[in-house]
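Below is one structure, written out as structure tokens; comments come after it.
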Amino acid sequence: MAQTSGVLAIEFAPPAPARPLVLPTHEASLLLEAIAADLARLAPDATRCDLVAAGALYDAAQLLRPGWPIEAELARLRGGLGASASGQVTVFGAAGDAMPSARLEPEPALAGGPMRFLPWLLLGEPEAVAAAAANMERRFEDEGLAGAAVNLFLRQSLGREVAHARYLTRNDLMALTALQLDHAGLGPVWTILETALLAPGEGIVVELPHGGSLAFADGRVAGRIAGLGAHRVAAASAAEAAEAAEAFARMLGFQRGAAALLAAHGLPSQWQLAASAWPGLVEHGGADVAAPWPEGARLTRLAHPALGVAGLAIEDPASGLVECRWPLAREALVAMLAAADSDATAGRARLDTKTLAEWASALPGP
């Protein structure tokens with residue numbers, strides 16, 4: 001059978017739900033019947049197809065992942081019920097707050113946004129699916145607001161005020177996400193995501209707005225940025241060192257936002273810092289940078305107004321080597337700083353705090 005897909009996009013009035021939203025199967029069935037009536041109005045050929053949906057609301061990042069795992073799981077579960085393609089309506093809702101498969105569970109870490117999406121598929125003969133898809137692409141933009149029955153159900157069942165609900169095709173959802181990321185300054189990351197979604201066998205490299213690059217190849221994402229040492233090496237004065245620290249902070253902030261976004265879309269990334277040109281300075285980034293440091297090391301938390309504590313400088317009293325660790329994930333940063341606090345309390349290390357600009361200005365000349 002052929003298939004096409006779409007979502008019911010729901011924008012909640014503030015405050016947005018802070019937890020995942022799932023519907024019991026009997027409630028999800030009522031909602032899907034109302035959705036089916038809307039689709040019959042907007043894309044009449046949908047009535048010749050099977051309509052399959054998940055009784056749960058998701059963040060866009062969980063839907064827009066390589067391989068389209070939510071869509072694939074819906075198709076798999078529907079296939080287990082036997083062939084139909086005769087207008088049957090099937091919903092996979094929750095029982096005891098649990099969805100019928102782990103893949104359909106909305107991820108708690110992605111809850112909290114004002115927009116949630118209920119995904120659905122149309123499955124059927126190629127001609128019927130193609131005709132329905134053509135109507136969806138043509139009519140959803142101007143006529144795709146959900147009908148009164150859908151809106152009433154959402155308000156009564158979820159107990160929350162809905163600002164609006166409308167239908168989007170998969171292409172519409174991608175375009176909306178691309179626009180949001182572009183407004184947030186993350187347009188280059190969308191270029192990587194789009195390639196992974198639509199052309200996973202291809203490779204692409206994009207330049208990042210604050211320096212460095214991001215590449216996708218063989219299903220993996222790799223980023224390259226310059227470390228603080230590479231920024232600082234060209235700075236001769238304290239003012240230039242401060243400017244270099246600011247440039248690095250902008251790059252680090254973008255890197256962390258990009259890495260978090262890619263991970264949310266099912267694309268974990270590996271980032272490499274360019275080798276420092278500064279003598280005696282070694283820099284590390286990634287998820288595994290909270291390894292132990294030498295006994296008696298001097299530890300300096302490196303802070304920035306926009307980033308908070310951005311990393312940790314470690315001076316080995318025996319070798320004189322200085323290490324900077326810039327954890328990629330917030331969890332790794334928190335763990336590293338907790339270890340530093342613990343070692344300082346136990347007298348195994350000295351610990352203080354400096355701004356990035358102060359610390360960069362104090363680096364010795366090359």
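The values are calculated or read from the model by the stated rules, or taken from the named source; none is laboratory data. The model shown is predicted, which means the values in this text are computed figures rather than measured ones. Cβ sites come from the backbone with ideal geometry, for glycine too, and all protein chains shown count toward neighbours.
Quick rundown of the values:
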quantity	calculated
Inter-residue pairs, beta-carbon under 6 Å, first within 13 Å of PRO279 (Cβ to Cβ) and in the range 318-333, second of a type in the set (A, V, I, L, M), 6+ apart	VAL322/LEU281
Some residue of the range 32-54 being in contact with a helix residue (DSSP H, G or I) (Cβ under 6 Å, 6 or more places away or on another chain), surrounded by 20 or more Cβ atoms within 10 Å (Cβ to Cβ), over 29 Å from GLU127 (Cβ atoms) and assigned by TED's automatic domain parsing to the domain that holds ASP142	no
Helices (runs of 4 or more DSSP H) contained in the range 86-194 and holding at least 2 residues in contact (Cβ under 8 Å) with a residue 60 or more places away in the chain, crowded, with 19+ Cβ neighbours inside 10 Å and within 25 Å of the chain's Cα centre (by Cα)	170-183
Members of the range 344-360 that are assigned to a helix (DSSP H, G or I) and in contact with a Lys or Arg (Cβ under 9 Å, 6 or more places away or on another chain)	ALA344, ALA360
Some residue of the range 230-247 being within 24 Å of the chain's Cα centre (by Cα), closer than 22 Å to ALA329 by Cα and either crowded, with 16+ Cβ neighbours inside 10 Å or at pLDDT 90 or above (or both)	no
Exclusive hit being in a loop (DSSP other than H, G, I, E, B), assigned by TED's automatic domain parsing to the domain that holds ALA344 and either among the acidic types (Asp, Glu) or modelled with pLDDT under 85 (or both), set ALA277, ALA306	ALA277
